[in-house]
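Below: one structure, written as structure tokens.
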Amino acid sequence: MARGGEVALDFQDTFRARGYELLITPRVVTELRWLELYGNSAERKEAGLAFTNLRQWSVKPVDLSSLAQAIAWRFADALMRKRLIPEGELGDARVLGETAVAGVPVLVTFDKHLLGVDDDELCLAADEADLPRVSIVHPGRLLRAIR
């Protein structure tokens, strides 16, 4: 949410007020930690801001067992093999896998690689893996839909 500015904060306020839970997957936490330690100065600042504000934003971490993590990563590998996620974006595939395994129905993101995933192909892949379907949506689009 740190990078998304006004849209992210508006999304967070609106959806929290409606009683929705905001979650963060283990892979996102890992990527944020990496950026905080090794990113350029702007990335370090944004990642630090995100970590500082997660509690204030009422964002809760998703806790996955080692078995659930393995299933999520296996699904991510399948998404990569099917070329639903661009080569070199395994982290995005893992975020999507963890989201599906956690049973979270909507992945809200600014990430263009995830937003570019074909919905029908993703549904087929989730069905093949016997995982819940996940819709990937830009926060601005979701805000407009509920207003």
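Please treat every number below as a calculation from the coordinates, not as lab data. Keep in mind it's a predicted model, so treat the numbers as computed, not measured. Using ideal geometry, Cβ is built from the backbone for each residue, glycine included, and neighbour counts are taken over all protein chains shown.
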Item to check | Exposed GluC sites (Glu not before Pro) absent: longest stretch of the chain, with sites in DSSP loops and at most 13 other Cβ within 10 Å deemed exposed | outcome: 22-86
Next on the checklist: Please list 3J(HN,Hα) in residue order for segment 52-58, calculated via the Karplus relation 6.51 cos²θ - 1.76 cosθ + 1.60 where θ = phi - 60°; whole Hz, with x for glycine and proline.
Outcome noted: 4, 9, 3, 5, 4, 7, 6
Next on the checklist: Between helix 26-38 and the chain, what is the angle of the helix's C-alpha long axis to the longest principal axis, kept within 0 to 90° and rounded to the nearest 10?
Outcome noted: 50
Checklist entry - How would you order 60-72, 100-112 from highest to lowest mean count of nearby Cβ atoms within 10 Å? => result 100-112, 60-72
Checklist entry - So how much slack lies between residue 74 and residue 147, counting 0.36 nm per residue of separation and subtracting their Cα-Cα distance, in nm? => result 22.6 nm
Item to check | Cα gyration tensor category, rounded, prolate or oblate, for segment 64-139 with a/c compared to 1.5 | outcome: rounded
Item to check | Loop trypsin sites (Lys or Arg not before Pro), segment 6-106, which have at most 16 other Cβ atoms in a 10 Å radius of their Cβ (DSSP) | outcome: 18, 55, 82, 83
Item to check | Extension gain (nm, one decimal) between residue 82 and residue 120, 0.36 nm per residue minus Cα-Cα | outcome: 12.4 nm
Next on the checklist: Could you tell me the calculated FRET efficiency between residue 51 and residue 9, based on Cβ-Cβ distance and R0 = 22 angstrom, to the nearest 0.05?
Outcome noted: 0.85
Item to check | Largest-first principal axis extents, alpha carbons of the chain, Å | outcome: 39, 37, 27
Checklist entry - In terms of the Cα gyration tensor, with a ≥ b ≥ c the square roots of its eigenvalues, is segment 43-97 rounded because a/c is under 1.5, prolate because a/b exceeds b/c, or oblate? => result oblate
